[in-house]
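To start, the structure under review is shown below, and the notes come after it.
The values are calculated or read from the model by the stated rules, or taken from the named source; none is laboratory data. Nothing here was measured: the structure is a model prediction, and the numbers come from that model. Cβ atoms come from the backbone with ideal geometry, glycine included; neighbour counts cover every protein chain shown.
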Amino acid sequence: MSKLRFSSIKESNNRNRIAIEENGRRSELFGINVFNEDKMLQFLTREAYDRVKGAIYSGSKIDRKIADQVAEGMKAWAITMGATHYTHWFQPLTGATAEKHDAFFDLLPDGKALEKFGGGQLVQQEPDASSFPHGGIRNTFEARGYTAWDPTSPAFIYGSTLCIPTIFVSYTGEALDNKAPLLRALSAVDEAATAVAKYFDKNVSKVNATLGWEQEYFLVDKALAYSRPDILLTGRTLVGNSAAKGQQLDDHYFGVIPSRVLSFMSDLEKECTKLGIPVKTRHNEVAPNQFELAPVFEEANLAVDHNLLLMDVMEKIADKHSFRVLFHEKPFAGINGSGKHNNWSLATDTGVNLLSPGSTPMKNLQFLTFFINTIKAVDTYEELLRSSIASASNDHRLGANEAPPAIFSIFIGKQLSDVLDELEGVSQGKLSPEEKTELKLNVVGKIPEILLDNTDRNRTSPFAFTGNKFEMRGVGSKSNCAKPMTILNTIVAKQLIAFKKEVDALIDKKNLKKDEAVFNVLREYIKTSKKIRFEGDGYSEEWEKEAKRRKLSNNKSTPQALQILTSKESLALLKSMNVMSEVEVRARQEVELEAYILHLQIEGRMYNEIVYNYLIPAAITYQNKLIKNVMGLKDIYGAAHKTFTEGQLSIIENIAENISALKKKTDAMTEARKSANVLTDVNKKAFAYCDNVRPYFEEIRIHCDKLERLVDDQLWPLTKYRELLFIK
Ligand code: ADP
Ligand code: MG
């Protein structure tokens, strides 16, 4: 009998729910662990407060004297909160977050303790970061990078540590993280969108990109998760026969949340609330043991930080409740995977959502401007946007039989499609008074009414307009939203700059009125961005064919998807928008390819271990049991035994066939890995893993799962899907 599996089941069956006290209102808890405005007012001088606000608002620099004052205030607050350490909290290219804790105090030569945290420590830190991925940017002889304070994301206390959000850059100034390029992209979109928003309202002086992510995840009992070597090392089940019951009854989606899970969620939400993460909704997802959590949207940089922090907090709270949280995009075959929809929009400092229609024709023209420019941007750069969500684990969703497809398209709904069709008919150049009235009253003017009853939602679309925001659905549940947000905001910025130029040219050279010029440019954009618009079933084969005809990219694997990063156009775009230099882009591409290789390598090794050390031995044990039985029957019945042993013999043979196939395929996979490993070119190596190694995984799995169906349950060593997914 498999000891670990059964003792884990027993352990998980004996768990009790941890009661979570709901003391006090959530709104009172909100942000108590964050160095937010209230605390700044309390702990900073007025001058320091104003300067930090200035940095947040307009990116102005904070000099050393002020930094010292801020550090002093932050420390004073942190110590009253019981913090003993501080850390720069950053986002290296591993995709996770990193931190290096330092105590607030130092020892003086005479042995006395001195509290030490000044502007220097706040503004900059030098983690010994030589083992973070850097894609060749840092050679070992200049292996240092440094972290630098990002005042736009407030410091917070986590456990007993003051965490200071920072960017991570090399000494030569290149970004070694995901935050620095995001901040540059956000600044680019701010500048470009503000200039365009001023057409409609002179008072706009800043535009923030907003992000509301929806985090999907699985919860598995800790003992059960740890009993699976594949979950432990790869975050997913590499093998496992589907349980008799999966999600076919749709009885989990939005169902009653199991009580142990509810305790976990309450605890998690309380912790998030204290950390200033505005968590709002929680519910069961489609697959058994799958859940979702969504916050109120925020400024994109802050939202990204909050998502990363959330994932960290989730792991800790899950552990406390004896769960393991799985962020992998496809932890279980045969049931839904997990994603992280990125809801995105643009908001002005005057409080207007630029993707929300308004009450006047002018406001709606503004809406149409940002709406159509976004469509145009995605149309031009769909392949680059696709590359921003590529990863080994997300390949199981994109381009596999899982939502959404690897082809980017935009869904806007019938009503808005009709509006765009009408706008396509706008006259060239000057508009007659009649045409203007008609446009204002019957096309542009009707938009708010249209959107009110815009209930049609296409769940198969990877990039859908949902009333007052776009929803990017292909983002992986595990990934850092900074990557897609960097690209999306960059391409929209680029597009808005081009738009402004064209409109200004029509106003200056063709003497058109502003609204006429806007209509004229939008009309052309509608015409030239049609290929990205698709209202049908994004999962269908017809769409794949149609998308090919439209020349949309369909990169199903990560290595394929990443190629576009270093195309001439991508490099020029990222450079011209000051988001990433060529060196930074190339480094990132290399890091991503490297990560892809490593993930597949680990999975390959794990398959090897599971096949040789777990499943073949179990199959042989059961086979021997059958053989003994057959021999016993033969002893008793002699030649007549055949009537009684036919079934056993067929199982014995079936097991033998699967063992033999497993061995052959696993060995062939190992050989393919060996050939891939000797390749020195990272791109070639990634393709070798993708094309020559990865296909074996599925083949190996088929035989493993067949054996699971054949072998005595008592002898099966790996915790089964039924147990992983239904014990809670
Ligand atoms: P669903 O898409 O599941 O129907 P909602 O429409 O309520 O749910 O929104 C989902 C997410 O979109 C939430 O995280 C919400 O905060 C976010 N969201 C709503 N408006 C915006 C916006 N203007 N910008 C960015 N995110 C937004
Ligand atoms: Mg949604």
Review point. Looking at G136, G111, which one is outside any strand (DSSP E or B), under 30 Å from T84 (Cα atoms), modelled with pLDDT under 85 and of a type in the set (G, A, S)?
Key: G111
Practice item. Would you list the helices (runs of 4 or more DSSP H) that sit entirely within the stretch 406-487 and hold 1 or more residues that are in contact with a strand residue (DSSP E or B) (Cβ under 8 Å, 6 or more places away or on another chain)? Key: 414-424
**Study point:** Scan of the stretch 203-229 for residues that are over 23 Å from the mean Cα position of the chain (by Cα) and more than 30 Å from S60 (Cβ to Cβ), ordered by number
**Key:** D221, K222, A223, L224, Y226, S227, R228, P229
Point to revise | Residue that is surrounded by the most Cβ atoms within 10 Å (Cβ to Cβ) [pool: residues in the stretch 2-28 that are in a helix (DSSP H, G or I) and aliphatic (A, V, I, L, M)] | key: I9
Practice item. Could you check the stretch 640-728 for helices (runs of 4 or more DSSP H) lying wholly inside it with 2 or more residues that are of a type in the set (D, E)? Key: 642-677, 694-710
Review point. Are there any pairs with C-beta distances below 6 angstrom linking a residue in the stretch 204-215 that is among the aromatic types (F, W, Y) to a residue that is within 16 Å of ligand 2 (Cβ to nearest atom), with the two at least 6 apart or on different chains, and if so which?
Key: W213/N307; W213/K340; W213/N342; W213/C481
Check your understanding: What pairs come up if the first residue lies in the stretch 284-298 and is surrounded by fewer than 21 Cβ atoms within 10 Å (Cβ to Cβ), the second is at pLDDT below 95 and of a type in the set (G, A, S), and their beta carbons are under 8 Å apart, counting only those six or more places apart or on different chains?
Key -> N284/G255
Practice item. Determine whether the stretch 249-256 contains at least one residue that is over 30 Å from I702 (Cβ atoms), surrounded by fewer than 20 Cβ atoms within 10 Å (Cβ to Cβ) and aromatic (F, W, Y). Key: yes
Practice item. For the stretch 467-511, name all the residues that are closer than 25 Å to G358 by Cβ, crowded, with 18+ Cβ neighbours inside 10 Å and within 16 Å of ligand 1 (Cβ to nearest atom). Key: K469, F470, E471, M472, L488, N489, V492
Point to revise | Residue satisfying all of: in the stretch 181-214; buried (at least 24 other Cβ atoms within 10 Å of the Cβ) and within 16 Å of ligand 2 (Cβ to nearest atom); nearest to T374 (Cα to Cα) among these | key: L211
Check your understanding: Just checking, which of G31, G82, G73 is in contact (Cβ under 8 Å) with a residue 40 or more places away in the chain, surrounded by 16 or more Cβ atoms within 10 Å (Cβ to Cβ) and not hydroxyl-bearing (S, T, Y)?
Key -> G31
Practice item. Select the strands (runs of 3 or more DSSP E) contained entirely in the stretch 260-357, then report the ones holding at least 2 residues which are within 12 Å of ligand 1 (Cβ to nearest atom). Key: 279-284, 290-295, 340-348
Practice item. Quick one: which helices (runs of 4 or more DSSP H) lie wholly within the stretch 529-599 and hold at least 1 residues that are assigned by TED's automatic domain parsing to the domain that holds D681 and within 21 Å of the chain's Cα centre (by Cα)? Key: none
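Determine, yes or no, whether I335 is over 30 Å from D177 (Cβ atoms) and of a type in the set (V, I, T).
On the way: over 30 Å from D177 (Cβ atoms): yes; of a type in the set (V, I, T): yes.
Yes, satisfied.
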Study note, to complete from the structure: Taking the stretch 442-467 and keeping residues touching a residue at least 24 places away in the same chain (Cβ under 8 Å) and aliphatic (A, V, I, L, M) leaves V443, V444, I447, I450, L451, A464
